[in-house]
Amino acid sequence: MLKTLSSLIKSFKKQDAPEELTSPEQLSKGDMLRFADGFALPEDLRGETFQVQKVATYFYTDTGSPQFVIKSGDRKPLYLSIEDFDGEELIVISRKLKNKEVESLFGWDRLRAAMKDEDSREITITDQDSSDSWLATTYSRRVFGAEGHYFEKDIRHNNGIPPGGETFRYFEYYTADENKSLEIEVWEGDEIEVCLGLVRPMTDVVELWRRS
C-alpha cells in the first residue's frame, strides 16, 4: 500500500512540474521563454519572460519556417524566428513599426522608391533616436522582392508548400555586422509591413518551458 501511494505521489509531482525545453525550435503555442539579463539586449527584452501567443509558418523555399508571436504582460507582441546565417542558427527578434514610425524613420516615399529600384542597395535612417537600441543608421539590402508564402498556423514540418496561404513579396536589409535587420513585406492590395529586427545568438534565450 505504501509503495502504491509513493508511486502516485511521484506521478502527481511529474504532472505538476513544467516540461523544460532545450531549444527555441521546440516552442509551441502557450510555451514560455525568458531572455538573458544582459546589456547586449534592449531594455524591453532584458531578463523579460514572454509567452508564445501564436505560431505561424513562412515558406521561403519548400521548407516551412515557424514564426513565434511572443508577448510579455500588456506590451505589444514581438516576433521570434530562427534563421541560418552562414551555417549558424541564430534567433531574430522583430518588432513591427507603425505607419507613422516608418514615415519618421525612413519616409514612405523613400522606402517605396528603394523597393522599385534594384540598384538602390542601402537604406539610411533619417531620424534616429540614439537611445533606441533596436535601430541602426544604415542597412544594406540582401534580398530584393523575393516571393514567400504565409500560413497563419503551425505547419513547420510540412514537406513542400501546401495549397492556400497568402503570397507576399519581401525585402531584407542588414547592418554590416548582421546584428540588426530591416524587413519589408508587401501583401495583396499593396499593404506594406515593416519590421526592425535584432539578430542574436540562441543562448540569449536562457530558459524555456511548457506550462503545465
Note to self: So, residue 185, is that one surrounded by fewer than 14 Cβ atoms within 10 Å (Cβ to Cβ), assigned to a strand (DSSP E or B) and modelled with pLDDT of 95 or more or not?
What the structure shows: no
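Return a yes/no flag: does the range 161-176 have any residue that is over 22 Å from residue 63 (Cβ atoms) and free of Cβ contacts under 8 Å to residues at least 24 places away in the same chain. Please lay out each step first, then the result.
Within the range 161-176, the first condition is being over 22 Å from residue 63 (Cβ atoms), and the residues that meet it are 173, 175-176.
Those left that are additionally free of Cβ contacts under 8 Å to residues at least 24 places away in the same chain: none.
No, because not a single residue in the range 161-176 is over 22 Å from residue 63 (Cβ atoms) and free of Cβ contacts under 8 Å to residues at least 24 places away in the same chain.
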Next item on the list: Working carefully through the options 111, 45, 41, 80, find the one that is part of a strand (DSSP E or B) and either under 27 Å from residue 151 (Cβ atoms) or touching a helix residue (DSSP H, G or I) at 6+ places or on another chain (Cβ under 9 Å) (or both).
Entry: 80
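The values are calculated or read from the model by the stated rules, or taken from the named source; none is laboratory data. All of these numbers come straight from a predicted model, not from anything done at the bench. Methodologically, a virtual Cβ is constructed for each residue, glycine included, from the backbone with ideal geometry; neighbour enumeration extends over all protein chains shown.
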